[in-house]
Amino acid sequence: QQQQQQQQGGNPVTPQPGAASGTNKFLQPIHVCDMSLTDLLNELQHDPWPVPQGKRPLRATGVALSLAVGLLESTFPNTGARIMAFLGGPCTQGPGMVVDNELKNPIRSHHDILKGDARYMKKATKFYDSLAMRTAENGHIVDIYACALDQSGLSEMKAMCNSTGGHMVMGDSFDTSLFKQTFQQVFAKDAKGDFRMAFNATLEVKTSRELKVMGVVGSCISMKKNNGCVSDTEIGVGGTSMWKFCGLSPSTTVAFFFEVANQHSAPVAQGQRGIVQFVLSYQHPSGQRRIRVTTISRNFIDASASQHIHASFDQEASSALLARMAMIKAETDDGPDVLRWLDRSLIRLCQKVGEYMKDDPSSFRLSEAFSMFPQFIFHLRRSQFLQTFNNSPDESAYYKNKLLIEDVNTCLIMIQPTLYSYSFNGPPEPVLLDSSSLQPDRILLMDSFFHILIFHGETIASWRNQGFQNQPDHENFRQLLQAPIDDSQELLRGRFPMSRYIKCDQGDSQSRFLTSKVNPSQTHNNMYGWNQESGMPVLTDDVSLQVFMEHLKKLAVSSSS
C-alpha cells in the first residue's frame, strides 16, 4: 500500500495572496491536526479489494505523487515542504507504471534494459523526470520509502530523490526494526528542538577570473545562471553558476569541479591566488531565511612543481570525486567504456606522478600521497556502482543515490569496506580486505555502509555450535563472540539509513557479501600453489589486486603508452 504525507518545514511563509482559499482543507499546522492525523494513521487498513490470483495489486503511484506535487505546487510554491511516499510494490496502473498487473510478466532486469526489452521503462522514467523537475522548481522534497520483496520501480523514480535531495530508503518490510529505526531518524531534532534539515536552498559559486566552474555532482538542479565564471565543459549539472537544493541535511555533500581558464594562451603567474566563493541561502526549519558565505583562496603553482602536488594531493577525496564522475558517465555510456575511461585516468596519473625508468616495471614507485589511490580504483571497478551483476536496477539506483550525497569517508567505506579481525591472539585489529584474512580461527567484522557483517571462521563456528561459550571455563570465548556484536551496534548507532545486519559462518550462503568484496588473492585457480598465504579461496575469475598493479606498472612505464 502507499500513503502520502505532507509536512511543512516549520511555519515559514504565509500562503501567497493568489493561493487558493481552500488551502486549509488539505494542509494544517501539525499542532492543529495532530489528533486527527494520529487517528487517521491508526485507522489505516489493508486495501480490502481482492487481488485476483496471478495478478499484482493495482497501484497508481504516479497519480498519487502527481496529486501531492500539484497540491503543494498550488498552495505553497517556493516554500520548504516534503512529500513522503511509502511504496509496497511497483506502480501497475496509470502514468508512471513500471510493470503490468500480470504476475507472469516479471519486472525488468538489467539484462532486459540492455536488450531494450524494458517495455514501460522509457515512458515511466520520462514521467517521473518531469514530475521531479516540477517539484524541484518549487523547492519541494520527495522522500521514497520502498519496502517490498520485489522491485518497486526505484530505477525509474530515482530523479524524484536525486533532483530534490529527498531520502531514498529500500527495505524488505515496513514492519522490520531496520525500517522503523531508519524512519525515526528522519525526524531527529538538534539541541534547540529544530529538525535537522534545511529547505529550498540556493547555492551560487563566484570565482576569480582565472577559474571557471565546470559543474556539480549532487542532489540539485540548475538555475540556469550563465556568466563569466561558467566553463564550456560540463561535468554533472553544469552550464550554470547557481543551483537549487530543495533539501539539505547535516551530512549532505556536494562535489564541485573547476578548471583553470586560458592555461595556454594566458598562463597564470606563479604565486597568484585563485579565489572561490560559495553563497548558500536556505530556509531553516524555524522559518528563518539564512545565508552562509564561504570564501577560500589557493595559490597557483607551476604544474611541473611536483613537490607541491604531492604535498597537497588528497587521495581519499580524489577517489570519491572520480567515483562520482564514473557514476555520471555510467548513466550514458556502456559499462566497459566507463571502466576503460577509469583505467586511462589512473594510467595517466601514474605516468605523471610516479617515479620510474622507462620500460622497467620493477622500478615503478608511488609516493605515500598516492600509494592508496590505485587500490581505491581497483575496488571501485569491482563495486556495485559500476558492476550490475547480482544487483537489480532498483538496488543499483539505491546504491548510486547514496554515493551521490554522502561524505568522503562514507563513500570510501562503500567503495572499499573496512574489515576488523577478532581472535585470541590479541585485541581487535584492522586487517586487509583480502581473501588471506578469511581464517578459520577468526571472527571478522565488515562495514560496507549498506551491510554490517559478522563472519565466523570454520573453527570458531564449530566451537560456538558445541556451546563452549556457555561453559564457565570458556568465558574468554564468550567475550570473543560478544565483542564484534558490541562494535557493530556502535557502528549502527546514528547511521542513516540503517545498514542491513548480517551474521554468517564460513561457507554459508550469506558469506557471499564478504567474499564478493575481498581482494581475491587466493582463488580456486591458485589455491594449491606454493608459498600461498593461508586463507579461504574465493571462487571468482576476477583478477587480484597484485595482478592489477603489475599490469598498471607495465602500462605506466611503457614507452608506447
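Cβ contacts < 9 Å: first residue assigned to a strand (DSSP E or B), restricted to region 422-434; second residue of a type in the set (Lys, Arg) and open to solvent by less than 30 Å² (accessible area, probe 1.4 Å), any location; separation 6+ or different chain. Result?
From region 422-434, no pairs qualify.
Can you tell me which residue among Met133, Met168, Met157 is open to solvent by 50 Å² or more (accessible area, probe 1.4 Å), under 23 Å from Ala60 (Cα atoms) and modelled with pLDDT of 95 or more?
Testing whether each residue is open to solvent by 50 Å² or more (accessible area, probe 1.4 Å), under 23 Å from Ala60 (Cα atoms) and modelled with pLDDT of 95 or more leaves just Met133.
On the given criteria, is Phe385 among the aromatic types (Phe, Trp, Tyr), touching a helix residue (DSSP H, G or I) at 6+ places or on another chain (Cβ under 9 Å) and open to solvent by less than 10 Å² (accessible area, probe 1.4 Å)?
Answer is yes for this residue.
Could you identify the single residue in Gly247, Gly287, Gly274 that is modelled with pLDDT under 95, surrounded by 11 or more Cβ atoms within 10 Å (Cβ to Cβ) and touching a Ser or Thr at 6+ places or on another chain (Cβ under 8 Å)?
When all the criteria are applied, what remains is Gly274.
Filter region 78-110 for residues that are charged (D, E, K, R), farther than 30 Å from Ala198 by Cα and in contact with a strand residue (DSSP E or B) (Cβ under 8 Å, 6 or more places away or on another chain) and give the result.
Glu102
Quick one: which residue in Ile83, Ile107 is in a loop (DSSP other than H, G, I, E, B) and modelled with pLDDT of 95 or more?
Checking each option against the conditions leaves just Ile107.
Could you tell me which of the residues Pro336, Pro374 is surrounded by 12 or more Cβ atoms within 10 Å (Cβ to Cβ) and out of contact with any Phe, Trp or Tyr (no Cβ under 7 Å at 6 or more places or on another chain)?
Pro374
The conditions are (1) farther than 28 Å from Pro520 by Cα; (2) open to solvent by 30 Å² or more (accessible area, probe 1.4 Å); (3) modelled with pLDDT of 95 or more, and Phe477 fails exactly one of them. Which is it?
(2) is the only condition that Phe477 fails.
Any chance region 48-58 includes a residue that's under 31 Å from the mean Cα position of the chain (by Cα) and open to solvent by less than 70 Å² (accessible area, probe 1.4 Å)?
Scanning region 48-58, I find at least one residue that is under 31 Å from the mean Cα position of the chain (by Cα) and open to solvent by less than 70 Å² (accessible area, probe 1.4 Å), so the answer is yes.
Restricting to region 295-309, name every residue that is open to solvent by 60 Å² or more (accessible area, probe 1.4 Å) and within 21 Å of Glu204 (Cα to Cα).
Result: Thr295, Ile296, Arg298.
For region 522-561, name all the residues that are modelled with pLDDT of 90 or more, among the polar types (S, T, N, Q) and open to solvent by less than 50 Å² (accessible area, probe 1.4 Å).
Ser544, Ser558
Among the residues that make up region 341-353, is at least one of them open to solvent by 50 Å² or more (accessible area, probe 1.4 Å), among the hydrophobic types (A, V, I, L, M, F, W, C) and modelled with pLDDT of 95 or more?
For region 341-353, residues open to solvent by 50 Å² or more (accessible area, probe 1.4 Å), among the hydrophobic types (A, V, I, L, M, F, W, C) and modelled with pLDDT of 95 or more: absent.
Determine the pairs where a residue that is over 16 Å from Val142 (Cβ atoms), located within region 52-66, has a partner that is of a type in the set (Gly, Ala, Ser) and surrounded by 19 or more Cβ atoms within 10 Å (Cβ to Cβ) with Cβ atoms under 7 Å apart, the partner being 6 or more residues away or on another chain.
These pairs meet every condition: Arg56/Gly89; Pro57/Gly89; Arg59/Gly89.
Matching residues to (1) open to solvent by 20 Å² or more (accessible area, probe 1.4 Å); (2) in contact (Cβ under 8 Å) with a residue 60 or more places away in the chain:
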| residue | (1), (2) |
| --- | --- |
| Leu103 | yes, no |
| Ser109 | yes, yes |
| Asp112 | yes, no |
| Tyr128 | no, yes |
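Can you confirm whether Ser499 is in contact with a Phe, Trp or Tyr (Cβ under 7 Å, 6 or more places away or on another chain), farther than 13 Å from Ser436 by Cβ and either surrounded by fewer than 17 Cβ atoms within 10 Å (Cβ to Cβ) or not basic (Lys, Arg) (or both)?
yes
Going residue by residue through region 450-465, is there one that turns out to be at pLDDT 95 or above, surrounded by fewer than 16 Cβ atoms within 10 Å (Cβ to Cβ) and either part of a loop (DSSP other than H, G, I, E, B) or of a type in the set (Gly, Ala, Ser) (or both)?
yes
Within region 472-492, is even one residue of a type outside the set (Asp, Glu) and part of a loop (DSSP other than H, G, I, E, B)?
No: region 472-492 contains no residue that is of a type outside the set (Asp, Glu) and part of a loop (DSSP other than H, G, I, E, B).
Looking at region 196-240 only, could you name the residues that are open to solvent by 50 Å² or more (accessible area, probe 1.4 Å) and among the hydrophobic types (A, V, I, L, M, F, W, C)?
Met223
Which residue is least open to solvent (accessible area, probe 1.4 Å), if the candidates are limited to region 174-195 and must be polar (S, T, N, Q) and either part of a helix (DSSP H, G or I) or modelled with pLDDT of 95 or more (or both)?
Thr182
Among the listed residues Gln16, Gln28, Gln8, identify the single one that is surrounded by 11 or more Cβ atoms within 10 Å (Cβ to Cβ) and modelled with pLDDT of 50 or more.
The unique qualifying residue is Gln28.
For region 319-333, which residues satisfy the criterion of being open to solvent by 30 Å² or more (accessible area, probe 1.4 Å) and either among the polar types (S, T, N, Q) or out of contact with any helix residue (DSSP H, G or I) (no Cβ under 7 Å at 6 or more places or on another chain) (or both)?
Result: Leu321, Met325, Ile328, Glu331, Thr332, Asp333.
Residue under question is Leu37, and the condition is that it be modelled with pLDDT of 75 or more and either in a loop (DSSP other than H, G, I, E, B) or over 17 Å from Cys91 (Cβ atoms) (or both); does it hold?
Answer is yes for this residue.
When region 410-421 is examined, which residues are found to be part of a loop (DSSP other than H, G, I, E, B) and over 19 Å from Ala330 (Cβ atoms)?
Within region 410-421, just Pro417 meets the criteria.
So, in region 131-148, exactly how many residues are farther than 19 Å from Ile113 by Cβ and part of a strand (DSSP E or B)?
Number of matching residues: 7.
Test of understanding: among Ala81, Ala85, Ala64, which residue is within 26 Å of the chain's Cα centre (by Cα), under 23 Å from Ser173 (Cβ atoms) and crowded, with 16+ Cβ neighbours inside 10 Å?
Ala85
Report the residue count in region 388-409 for those that are over 15 Å from Ala255 (Cβ atoms) and either of a type outside the set (S, T, N, Q) or open to solvent by 10 Å² or more (accessible area, probe 1.4 Å) (or both).
Adding up the residues that qualify gives 11.
For region 149-164, give me each residue that is charged (D, E, K, R), more than 12 Å from Gly96 (Cβ to Cβ) and not in a loop (DSSP other than H, G, I, E, B).
The answer is Lys158, and nothing else.
The values are calculated or read from the model by the stated rules, or taken from the named source; none is laboratory data. Model, not experiment: these values are computed from the prediction. Because the Cβ atoms are built from the backbone with ideal geometry, glycine has one as well, and the counts that use them run over all protein chains shown. Areas reflect the complete protein model, heavy atoms only, side chains present, ligands, DNA and RNA absent. Shrake-Rupley method; radii C 1.70, N 1.55, O 1.52, S 1.80 Å.
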